[in-house]
Structures are given as C-alpha cells and as structure tokens.
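Asks: One structure follows; several queries about it will come next.
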Amino acid sequence: MKSIIKVDKLEKSYKDKKALEGVSFDVEEGEILCFLGPNGAGKSTTINILTTALSHEKGDIYFNGTKINKSAYAYKSCLGIVPQDLAVYEEISAEKNVAFFAALYGLRGKELKTKVDEALQFVGLLDKKKDKVKTFSGGMKRRLNIACAIAHNPKIIIMDEPTVGIDPQSRNHILNSIKELRRRGATIIYTTHYMEEVEEISTRIIIIDHGKIIAEGTKEELKERLADEKLYMIDVEDIKGLRKDEFFRIEGVKNVELDNSKIKVSTLTGIENLDKMIALIINKGIKINNLSSDTASLEMVFLKLTGRTLRD
Ligand SMILES: Nc1ncnc2c1ncn2[C@@H]1O[C@H](COP(=O)(O)OP(=O)(O)OP(=O)(O)O)[C@@H](O)[C@H]1O
Ligand SMILES: [Mg+2]
C-alpha cells in the first residue's frame with residue numbers, strides 16, 4: 001500500500017500541558033484508519049494538526065512525500081473534515097450549509113448544485129434540503145456535518161467522533177456511508193470511543209493514550225496480543241451476592257466485570273475453569289440464563305493497554 005500521509009514525531013503542548021509527545025504514523029491510501037483512545041488521549045489534537053487547523057511545536061507532516069508548509073493548498077484541497085463539534089449553521093437550510101462548505105473548496109454554478117444534492121442524497125437528507133438546520137434532530141445534524149465535508153469529493157476524509165450521541169439507525173447509516181466512501185476510493189481517518197465501530201469499519205487501528213501511540217495494527221493483530229485469553233459472558237437473574245474477588249480466586253481468571261445481570265470474565269485459555277465459575281454462581285442460588293464465550297475482544301485489548309481508571 002502507498003503511504004499518502006506521513007506524520008513524523010509530532011509534539012504539541014497547550015500552555016504547560018503536553019498533549020502529544022512524539023506521535024508518528026503513516027496513513028495508507030484507501031484505508032480506514034481508526035484512532036482509538038480514552039478521553040484526553042490526544043485524538044482530536046492529532047486530527048486537528050493533521051487538518052492544519054491547529055499548530056504544533058515539533059514534527060512534520062508529509063503529503064505524498066512532500067513536507068506540507070503553512071499554505072499547503074494541494075494538501076488542504078484534498079481534505080474533507082468532519083469536526084468533533086458540529087460545524088453547521090442552524091438558521092439556514094441544509095442545502096445552503098453544504099453549498100457554503102463546497103464553495104470554500106472551489107465548486108461553483110451547476111457543478112456546485114449537483115454535488116450538494118449528491119452529498120445530501122448520500123447522507124439521506126435530500127428530501128430535507130430546504131429545511132432549516134435548527135429543525136433537525138441530533139442525528140440529522142451529524143449526517144449534515146458529514147455532507148458538508150464530502151460534497152467536493154475529497155480524497156482524504158478526516159472524521160472526529162462523527163457518531164457521538166446518535167441513535168443506532170443514524171449510526172448505521174453513517175458507518176455504511178464511510179465504507180461506501182472507501183469503496184469509491186477515499187482514504188478515511190476516523191476517531192471514536194466505540195469498539196464496535198472500530199470492529200466494523202477499520203482496516204487499521206492506532207491506539208493513543210497520554211499523547212503517545214501505544215499500539216498499532218489491524219484488529220486481528222491487536223487481538224493476537226491477547227491470544228492466550230478468552231472471555232466468558234454469563235447472564236444471570238441477579239448479580240447481587242456475587243463478588244469479584246470470589247472469581248479471582250479461580251485459577252486462570254484475569255479480569256471480572258459485574259454489570260446488572262451480566263458477568264464478564266476473561267480467563268487464560270488452556271485452563272479448564274468454567275465449571276468452577278458455574279459452581280460459584282449456582283451455589284449462591286443464582287439462576288444462569290445464558291452463557292457464551294468469545295476469543296479476546298478489542299475492548300479487552302484496549303482496556304489492557306490503557307487501564308481501567310476513569311479519565312478526565
Ligand atoms: N484548547 C486546549 N487548551 C488546553 N488543553 C487542551 C486543549 N485542547 C485539549 N487539551 C488537553 O490536551 C489533551 C488532549 O486532548 P484531546 O482533545 O486531543 O483529546 P481526545 O483524545 O480528543 O479526547 P476526547 O475523547 O475527550 O475527545 C487533554 O489533556 C486535554 O485536556
Ligand atoms: Mg476529541
């Protein structure tokens with residue numbers, strides 16, 4: 001695969017707060033590169049530097065092998081940017097919003113009109129094109145935010161958490177759209193907290209934490225890191241009366257989560273301990289409703305790498 005963007009040793013501070021500490025990576029043509037990281041990890045900072053919206057102190061960005069400078073017209077004209085905070089105008093129509101952004105990228109006249117309609121059609125808002133944005137739901141605004149970024153057919157689309165706070169239908173529509181954009185030849189850089197999105201759309205993943213890249217690879221490669229662990233999901237009538245430390249006493253158990261009526265236990269493969277877990281549960285008179293197992297999930301890898309403590 002051809003590297004389209006190369007990022008070399010980026011460093012960024014906000015006053016005395018270091019946000020990025022030597023972040024380097026390549027973006028390959030045609031991939032969906034997902035950035036995953038806890039709150040405050042440095043995802044938006046990285047993305048905003050990539051879009052040139054934010055300056056940085058050290059490090060370089062190369063586009064097709066050439067270092068980008070301040071004006072970077074050739075680079076910027078290839079970008080479509082979906083920011084984390086909605087960037088749409090409430091008081092004007094959906095159509096005028098998309099046209100505004102498309103015009104910034106040089107589209108005019110008939111071509112502008114056609115591309116605006118195509119973008120609205122693509123995100124499922126064509127029939128709402130005359131409506132003012134203030135009448136839109138959150139999910140519709142998110143989709144419009146995407147339409148604004150893609151009307152000029154950008155080669156590289158940079159999306160910062162485009163699915164935050166929307167319903168499963170809108171999310172599904174957006175994820176399918178992203179895959180379709182890739183099929184049409186775009187390269188996509190995407191940030192999210194949602195593991196299931198990464199599972200569904202990523203061709204490669206970069207995990208970032210405390211301003212550093214801590215892991216990189218396809219989802220299969222990342223899961224390979226936990227190849228010696230598997231996950232049991234046990235649905236019970238009621239978890240009251242169960243304690244984590246009781247599970248930890250069972251040989252092989254690496255982690256336990258108790259949540260409502262669900263028990264999630266990750267355990268070393270090769271140790272037969274399921275019978276002990278079941279005995280622990282039923283000896284307390286708790287009914288088991290369902291039981292399933294899975295190999296290591298992306299979430300397990302993520303939590304193992306980034307820890308379980310809450311972030312700001
Ligand atoms: N404008 C700013 N001024 C000061 N500190 C900032 C600013 N923007 C970000 N930071 C800090 O820089 C660090 C990285 O923030 P960033 O927004 O890049 O994280 P993120 O991974 O996008 O997080 P989230 O998932 O919450 O969007 C955080 O510690 C954050 O508090
Ligand atoms: Mg962010």
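No lab work stands behind these numbers, since they all come straight from the coordinates. Owing to the predicted nature of the structure, the values given are computational and were not obtained by experimental measurement. For neighbour counting, all protein chains shown are included, and Cβ atoms are generated from backbone atoms with ideal geometry for every residue, glycine included.
Asks: Run a plain Debye calculation on region 228-295 (Cα atoms as equal point scatterers, no solvent) and give log10 I(q)/I(0) at q = 0.24 Å⁻¹, rounded to two decimals, same order as the q list.
Replies: Per q value, in the given order, log10 I(q)/I(0) is -1.07.
Asks: Here's something else I'd like to know. Could you pull out the pairs from Lys17/Lys223; Lys17/Lys43; Lys43/Lys219; Lys2/Lys230 whose alpha carbons sit more than 26 Å apart here?
Replies: Lys17/Lys223; Lys2/Lys230
Asks: Alpha carbon centre of region 125-143 versus region 44-80: separation in Å?
Replies: About 30 Å separates the Cα centre of region 125-143 from the one of region 44-80.
Asks: Modelling each spin label as a point 7 Å along the Cα-to-Cβ direction, I'd like the Lys244/Leu54 distance in nm, to one decimal.
Replies: In this crude spin-label approximation the distance works out to 3.1 nm.
Asks: Relative to a virtual label point 7 Å from the Cα of Thr269 in the Cα→beta-carbon direction, which members of region 219-235 show backbone nitrogen distances below 17 Å?
Replies: The answer is 219-233.
Asks: Output wanted: per-residue J couplings in Hz (rounded whole) for region 47-62, from phi through Karplus 6.51 cos²θ - 1.76 cosθ + 1.60, θ = phi - 60°, x for Gly and Pro.
Replies: 4, 5, 5, 4, 7, 6, 6, 10, 8, 9, 8, 9, x, 10, 10, 10
Asks: So for the pair Thr66, Lys18, with labels modelled 7 Å out along Cα→Cβ, what separation do we get in nm?
Replies: According to this spin-label approximation, the distance is 3.4 nm.
Asks: Tell me the label-point distance for the pair Asp259, Lys179, using the 7 Å Cα-to-Cβ offset, in nm and rounded to one decimal.
Replies: The modelled label-to-label distance comes out at 2.4 nm.
Asks: Rounded to the nearest 10 degrees, what's the angle between the helix 138-150 long axis and the longest principal axis of the chain, both from Cα atoms, 0 to 90?
Replies: 50
Asks: Taking the Cβ of each residue in Leu268, Leu298, Leu222 as the centre, tally the other Cβ atoms inside 10 Å and list the residues starting with the fewest.
Replies: Leu268, Leu298, Leu222
Asks: Based only on the alpha carbon positions, what is the Kirkwood hydrodynamic radius of the chain, in angstrom?
Replies: That comes to 21.7 Å for the chain.
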